Amino acid sequence: MVTATADGTNDGFALAKEAGASGPLALVVDGKQKDLSFVPPAGAEAQIVTTTDDLGREIMRHSTAHVLAQAVLRLYPGAKYTIGPPIEDGFYYDFDVQTPFTPEDLEKIEAEMRKIIKENQRFEREVVDRDDALKFFADQPYKVEIIEGVSAGDPTQVERERPGEDGAVEGAELTFYKNVTPDGEVAFTDLCRGPHVPGTSRLKAFKLLRSAGAYWRGDEKQPMLQRIYGTAWESKDALDAYLHRLEEAERRDHRKLGRELELYSWSDQVGPGLALWHPNGGVVRKTLEDLSRQMHIDRGYEGVYTPHLGKGTLWETSGHLGFYRENMFPPMEFEGSDYFNKPMNCPFHILIYQSRTRSYREMPVRFSELGTVYRYERSGTLHGLLRARGLTQDDSHIFCRPDQVVEEIVGCVDFLRDLYATVGLGPDNVRFSTRPPKSVGTDAQWAEAEAAIPVALEKAGLDFVVDAGDGAFYGPKIDIDVRDAIGRSWQLATIQVDFQNPERFGLEYIDDNGERIQPVMIHRALMGSVERFIGVLVEHFAGAFPTWLAPVQAVLIPIADRHDDYARKVAAELVAVGARAKVDDSDNTMGAKIRHQQLQKVPYMLIVGDDEQSNGTVSVRPRTGKEQRDVPAGEFASKLVAEIESRALELSY
């Protein structure tokens, strides 16, 4: 962004021209987003938002969503329109229409959008009162619902929608944005906070991607709407690059690869969001879980195991029934009590800590568990392993003295760096989330917890942004993203500082003066969940895992039946030194066997025939690279073991 000092007379257009800003779209004045038509007060610092800024792209996408809604209403006059927020890399708009949109419909809508853009309609803001807004949108029930909620001061209206789509500017003020043609005709009006680009001619690089069903407000009890997704960028080159990334993402889709590589599956007989792990996926999962367990042991964590359900009274004490109930499965009633599938492991770890008196000398106490939890994620939000109802967290809870909080957070960051390095990832975006509107605890407790996190992050050498109001109900948190091989960001690790549960459960330790002191609790999961971590890795590696993680590390392919025994001998020798090897003794031709194993993304295929059998060698055909002949079998075994033990990310051959 370019910054300019306002003189109280020039609007954003003039300020941008004076500052030489290229591609100006909007302003940020005193932290608030404004249209370029806004005149900042004298002395104000105005940041000029341009097409290449992240905020500029968001504004472009928001404006393109309005053009989408206008095009749909032109083509489908009876449609009811709802909200159209910008999202990461794109936008969507939800409509209530009689029949679902088809790919052919999207082509027509996109063509109509191009007509609107060519008309160079300008975006104009208008403040309206409640009655006029209700009158204008009398035949649009979803807009009426939003207006009534905003004007009633319902804060959930703001929380439910992304900025720019709830109609509220400040308090109960309502604003319209009108699309006005060059001859002054109002072509479209939406309820919106803005800001928007000056005119539709700025929106040239866009594409509609797909349509899907979506419940109003994300609530299964509400009407099913039709959502159209699109993307918009500052240039055709940027759009083309993004569409290429989408194609690559589709090729890497972990659900498709999971099926092709026989890693995992889902069944309607089990239920959505609950994965079935096949032998290949079981190997990948066990390898990562074993690594996680050993790394925890090396860092002073103690492993624990806890049940999959607990009494309702436990979840009342922890606060989950009061603050997390909508994400919990319904209770099971027996022996006069309600039992809930656990949505989190923390109350059980608290009870283990509480089982005996603790001394300051043994602090910190670090418990770890690969604990499976169950969360009632809405059907529309489920997405393979990335958003599931049954998930296993690499969950740990640290009970420490107040003076140990910063060092323990730093230790968690160092741990995740080491863990992520094994798969070639590293911390990318880091967010520090502060107290949410719905929370428990005193102001003093929250202030102390929130003060520790920035100090720890700075000490750990991590830059971060503040995500105001997005903390857990019991404490502030750190969320850490990684960036994969094609540049996508994934949220994995979370670290949370909790003063509330120690108080709610009456936790204590005895200090050096014999006083009973309340410990601080740190919740942390580094993979996030094993399922999500593996889903991300499948897409990151496009299914071609590094050798140490691959389900099968080497396949022996005999050229003829007479070579089967030698192939089994070499495979057995590899297994004996710790490698995962097998023989492909199927009836397929050798060429078909090679093609199959390439599709299975096996790191090494070892071809054996008469020469290899006579000389005790193998022909090494790596997943990538050229075949190497006459490699002594023992030499290959040694190099393979070294590659596995070092957790190398590249193949040795």
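The values are calculated or read from the model by the stated rules, or taken from the named source; none is laboratory data. All figures in this text were calculated on a predicted structure; none of them were measured in a lab. Don't worry about glycine lacking a Cβ; one is built from the backbone with ideal geometry, like all the others, and counts go over all protein chains shown. Heavy atoms of the whole protein, side chains included, go into the accessibility calculation; ligands, DNA and RNA do not. Shrake-Rupley method; radii C 1.70, N 1.55, O 1.52, S 1.80 Å.
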Which whole-number percent is the relative contact order of the chain (Cα, under 8 Å, 6+ apart)? 9 percent
Just order 590-601, 311-322 by mean Cβ neighbour count inside 10 Å, highest at the front, would you? 311-322, 590-601
Contact order normalised by length for segment 1-73, with contacts defined as Cα pairs under 8 Å and 6 or more residues apart; what percent is it? 35 percent
I need to check one value: relative contact order of segment 404-556, counting alpha carbon pairs closer than 8 Å and at least 6 residues apart, in percent. 22 percent
Cα-Cα longer than 25 Å, checked against 178/207; 569/593; 286/639; 34/108; 286/477; 34/143, kept in input order, equals 34/108; 286/477
Using a basic spin-label model with each label point 7 Å from the Cα along Cα→Cβ, how many nm lie between residue 595 and residue 431? 4.6 nm
Highest to lowest packing among 485-496, 225-236, 504-515, scored as the average C-beta count within 10 Å: 225-236, 485-496, 504-515
Of all accessible heavy-atom area on segment 197-330, the percent that carbon and sulfur account for (1.4 Å): 51 percent
Excluding residues fewer than 8 positions from residue 626 in its own chain, the aspartates and glutamates with Cα under 20 Å of it are 611, 612, 635, 643, 650
How large is the helix-only mean residue ellipticity at 222 nm for the chain, computed as the sum of -39500 (n - 2.57) over DSSP H runs with n ≥ 4, divided by its residue count, in deg cm²/dmol to the nearest 500? -10500 deg cm²/dmol
Taking the Cα of residue 260, stepping 7 Å toward and past its beta carbon, and measuring to each backbone N in segment 517-555: which are under 15 Å? 538-545
Heads up, I need the accessible area for residue 299: 1.4 angstrom probe, whole protein in place, Å², nearest 10. 70 Å²
Beta bridge orientation in the chain: antiparallel %, DSSP, nearest 5: 85 percent
Accessible solvent surface per residue of the chain, calculated while the other protein chains remain in place, 1.4 angstrom probe, Å²: 45 Å²
Rounded to a whole %, the carbon-and-sulfur portion of the accessible area of segment 535-599 at a 1.4 Å probe is 53 percent
Of the accessible area of segment 1-91, computed with a 1.4 Å probe and all protein chains kept, carbon and sulfur make up a percent value of 49 percent
